[in-house]
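Notes to accompany the following structure.
The values are calculated or read from the model by the stated rules, or taken from the named source; none is laboratory data. The model shown is predicted, which means the values in this text are computed figures rather than measured ones. Cβ placement follows ideal geometry from the backbone for every residue including glycine, while neighbour counts extend to all protein chains displayed.
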């Protein structure tokens, strides 16, 4: 992409459904945050978060 000077599209996914939608839309890059472990699940850190959560 860089060699062709083609722009890319990147989005942030805050949950699995958002990630799936971004993937289905053909987004080049999906940034996945781990802060949901703390803000949604109530963990004291992001370490306990699993891919299933």
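In region 17-53, the residue that is surrounded by the most Cβ atoms within 10 Å (Cβ to Cβ) out of those that are outside any loop (DSSP other than H, G, I, E, B) and touching a strand residue (DSSP E or B) at 6+ places or on another chain (Cβ under 6 Å) is 22. For residue 8, the conditions (1) out of contact with any strand residue (DSSP E or B) (no Cβ under 8 Å at 6 or more places or on another chain); (2) exposed (fewer than 12 other Cβ atoms within 10 Å of the Cβ) all hold with the exception of (1). In region 1-19, the residues that are more than 28 Å from residue 40 (Cβ to Cβ) form Cβ pairs under 8 Å with partners that are surrounded by 10 or more Cβ atoms within 10 Å (Cβ to Cβ) and modelled with pLDDT of 90 or more, at six or more places apart or across chains, as follows: 1/28; 8/28; 8/29.
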